[in-house]
2 protein chains.
Amino acid sequence: MVELAECFGPVEAELNALEQALGRELRTDSPALQSLVRHISAYAGKRLRPALVFLSARACGSAPTAEHMKLAAIVELIHTATLVHDDILDDASVRRRVPTVNALHGNQVPVLLGDFIYAHAFAMSVELSTPEASRVLARVTKICCRGEIEQVFERFDFDMDEEAYLRVIEAKTAELYAASAELGAHYAGGTPEQVEALSRFGRLIGVAFQVIDDCLDLIGDEAVVGKSLGTDLEGGKLTLPLIRLSSLLDGAERAELQKLITDDGVEDRRARLAERFELGAALDYSFQRADDFIRDATRELDVLEPSPARDALKNVAEFVLCRKK
Amino acid sequence: MVELAECFGPVEAELNALEQALGRELRTDSPALQSLVRHISAYAGKRLRPALVFLSARACGSAPTAEHMKLAAIVELIHTATLVHDDILDDASVRRRVPTVNALHGNQVPVLLGDFIYAHAFAMSVELSTPEASRVLARVTKICCRGEIEQVFERFDFDMDEEAYLRVIEAKTAELYAASAELGAHYAGGTPEQVEALSRFGRLIGVAFQVIDDCLDLIGDEAVVGKSLGTDLEGGKLTLPLIRLSSLLDGAERAELQKLITDDGVEDRRARLAERFELGAALDYSFQRADDFIRDATRELDVLEPSPARDALKNVAEFVLCRKK
């Protein structure tokens, strides 16, 4: 089991300073907005994307600068905006053990709050010394939305294969990981080879992260994972374990699986899925695919000089895998 | 009655070219996204914000450049993203005589589509020669979301006064008009005096526009206005005509008005409002306030040299008022 301290050691000071920076950034004199910002500060996760910004800078041989602090805040804010909007899409009621904004206020407020946070992140990116970050992050946000839109239109599409699934999760999740590592390296003066390798590293761990997230949506414990689970199944999102399960079934069983996913008003679909089908092999396969991506990611780090930051990035990759436990 | 041709004459060629530019900008190889983009092209309105960009450039003595064409597309895209998200907030079913995206696809798709269009607009703004547009437009988007969030939290707040109302509509509507005129002038090399006067001009006509929009929400004809009306009343948004009406009523009548607005499940609230209350004086007052803002706006144009573009801006201001008819 990899502990986060092993991953983040070389950039612990920066990650602590980031917490202050995020608090400062979203301060506002609007009481309504301030109460929302305070509420979603509970969504604070592992800060993986900011850690990628800082560690990538260090792995290219430079101490993180004030620009990296801004970049780290920006990628975390973009991620936060995505969460706020995702909870509307998934009709989720719990996020990091607190009620979602939509659960508290309906759908109007989180639409606007997400827009506000995106706009704030873009406003921050404009303050950097070069337009590279603004350009990359606006492009990534577009790709992410496009991926999510395609996923909505592919709901209940039982012909979706693993390749199509990987394309969607790369767009909706992995591109922001890639951008975090890439921009961390770029603003540290990394060579094009280093920047590109770290971008691929970020993308690969992002894909692995999402594969495991999608497995946890089916089998995780809400009390441990800390957010609404089973939402993919409720929304008809065909994720890797389901695609694999479907491919392992005979015709009659496959029809039954499709019925379980598509029928209206099935109570506790997750429990019924686990009761009726043997999920083990499909989950093992999915975790193995995540493992493959992590191996590929780790190999990308070979172009970097050995350093504590490079070791920490390897640990981050291992940590992503540990979430399955 | 002012015709749009009188307003837009000096920049007709640019506005025609804009239609091509907008079509090109949103082209994508994702069939799902392309069908959505094609659908919302029917939302195309009067292109008032792009016209402000072009006319402000000309009124400062410069022909619009390729940068103005990009700016015009950007402000129109930001406006479009706002409409797509607004229709979720208002639970609106019709926009410009076509079904809204939420009416067709539920709330997931328009959340993502609006995010995509915002991100595209920011990506375009990064391509301009200076970061001024990105800075102004990210700030304006933040202000707009903040204004909308405050409006949501002030629903059913019968203590809201005209001043608080004006603050909200300035944020949610008028700032983007102000930015359109300001950036048009700025990227044409206008003097600080010209840029600031045009910014104030834009803000004032934006406020007038919203006041009239809010009157039409109460008394307009859906077939003429072309969008869902009565949504403010359904959502408990207290707009100027309602604030004024309330101030003209005695205690018992005011309680009845509040009951009409707050009671659940009232059918056709708009018709009941018109039947039960004499709206004339409150509407006259609101239109008079819009007229005042337009007079103030027109005076801002005095710092500009006389030109066909300056005359056209005066006509735009008059056109905003004509919508009440």
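Structural remarks
- Unique residue being more than 25 Å from B:Ala171 (Cα to Cα) and either out of contact with any helix residue (DSSP H, G or I) (no Cβ under 8 Å at 6 or more places or on another chain) or open to solvent by 30 Å² or more (accessible area, probe 1.4 Å) (or both) when the list is A:Asp87, A:Asp91: A:Asp91
Condition check ((1) assigned to a helix (DSSP H, G or I); (2) crowded, with 24+ Cβ neighbours inside 10 Å; (3) of a type in the set (A, V, I, L, M)) across all residues:
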position: A:Asp159; (1), (2), (3): no, no, no
position: A:Leu166; (1), (2), (3): yes, no, yes
position: A:Lys172; (1), (2), (3): yes, no, no
position: A:Glu182; (1), (2), (3): yes, yes, no
position: A:Val195; (1), (2), (3): yes, no, yes
position: A:Leu198; (1), (2), (3): yes, yes, yes
position: A:Ile205; (1), (2), (3): yes, yes, yes
position: A:Gln210; (1), (2), (3): yes, yes, no
position: A:Leu218; (1), (2), (3): yes, no, yes
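- Apart from one condition, B:Pro99 fits all of (1) free of Cβ contacts under 8 Å to residues at least 12 places away in the same chain; (2) in contact with a Lys or Arg (Cβ under 7 Å, 6 or more places away or on another chain); (3) away from chain A (no Cβ under 14 Å); (4) not polar (S, T, N, Q); the exception is (2).
- Hits in region B:102-130 - residues which are more than 7 Å from chain A (Cβ to nearest Cβ), open to solvent by less than 30 Å² (accessible area, probe 1.4 Å) and in a helix (DSSP H, G or I): B:Asn102, B:Pro110, B:Gly114, B:Ile117, B:Ala121, B:Met124, B:Ser125
- Reported count of residues in region A:3-41, each being hydrophobic (A, V, I, L, M, F, W, C) and over 19 Å from the mean Cα position of the chain (by Cα), is 10.
- Within region B:166-179, the presence of a residue that is among the β-branched types (Val, Ile, Thr) and within 9 Å of another protein chain (Cβ to nearest Cβ) is excluded.
- Checked against (1) in a helix (DSSP H, G or I); (2) closer than 22 Å to B:Ile149 by Cβ; (3) among the acidic types (Asp, Glu); (4) modelled with pLDDT under 95, A:Asp29 passes all but condition (1).
- Flag if B:Arg146 is facing another protein chain (nearest Cβ under 8 Å), in contact with a Phe, Trp or Tyr (Cβ under 8 Å, 6 or more places away or on another chain) and not hydroxyl-bearing (Ser, Thr, Tyr): yes
- Taking the numbered list (1) away from every other protein chain (no Cβ under 14 Å); (2) buried (at least 23 other Cβ atoms within 10 Å of the Cβ) in turn, B:Thr65 passes all entries but (2).
- Filter pass, B:Ala66 being of a type in the set (A, V, I, L, M, F, W, C) and free of Cβ contacts under 8 Å to residues at least 40 places away in the same chain: yes
- Among the residues of region B:83-101, those that are touching a strand residue (DSSP E or B) at 6+ places or on another chain (Cβ under 9 Å), outside any loop (DSSP other than H, G, I, E, B) and at pLDDT below 80 comprise B:Val94, B:Arg95.
- For B:Ala133, the criteria (1) more than 18 Å from the chain's Cα centre (by Cα); (2) within 8 Å of chain A (Cβ to nearest Cβ); (3) surrounded by 24 or more Cβ atoms within 10 Å (Cβ to Cβ) hold in every case but one, which is (2).
- Within region B:11-39, the residues that satisfy the criterion of being within 14 Å of chain A (Cβ to nearest Cβ) and open to solvent by less than 10 Å² (accessible area, probe 1.4 Å) are B:Ser30, B:Leu33, B:Leu36.
- From the list A:Asp115, A:Asp90, the one residue that fits, being within 21 Å of the chain's Cα centre (by Cα), under 30 Å from B:Thr130 (Cβ atoms) and of a type in the set (D, E, K, R), is A:Asp115.
- A residue that is over 30 Å from A:Glu3 (Cα atoms), of a type in the set (A, V, I, L, M) and buried (at least 16 other Cβ atoms within 10 Å of the Cβ) occurs somewhere in region A:246-259.
- Hits in region B:102-127 - residues which are farther than 14 Å from A:Phe122 by Cβ, of a type in the set (A, V, I, L, M) and either touching a Ser or Thr at 6+ places or on another chain (Cβ under 9 Å) or touching a residue at least 60 places away in the same chain (Cβ under 8 Å) (or both): B:Ala103, B:Leu104, B:Val109, B:Leu113
- Within region A:47-60, the only residue that satisfies the criterion of being open to solvent by 20 Å² or more (accessible area, probe 1.4 Å) and modelled with pLDDT under 95 is A:Arg47.
- Selection count where residues are touching a residue at least 40 places away in the same chain (Cβ under 8 Å) and out of contact with any Lys or Arg (no Cβ under 9 Å at 6 or more places or on another chain), scope region A:15-24: 2
- Any hit, region B:3-10, residues being open to solvent by 10 Å² or more (accessible area, probe 1.4 Å) and among the aromatic types (Phe, Trp, Tyr): yes
The values are calculated or read from the model by the stated rules, or taken from the named source; none is laboratory data. Everything quoted here is computed from the prediction, not taken from an experiment. Cβ atoms come from the backbone with ideal geometry, glycine included; neighbour counts cover every protein chain shown. Heavy atoms of the whole protein, side chains included, go into the accessibility calculation; ligands, DNA and RNA do not. Shrake-Rupley method; radii C 1.70, N 1.55, O 1.52, S 1.80 Å.
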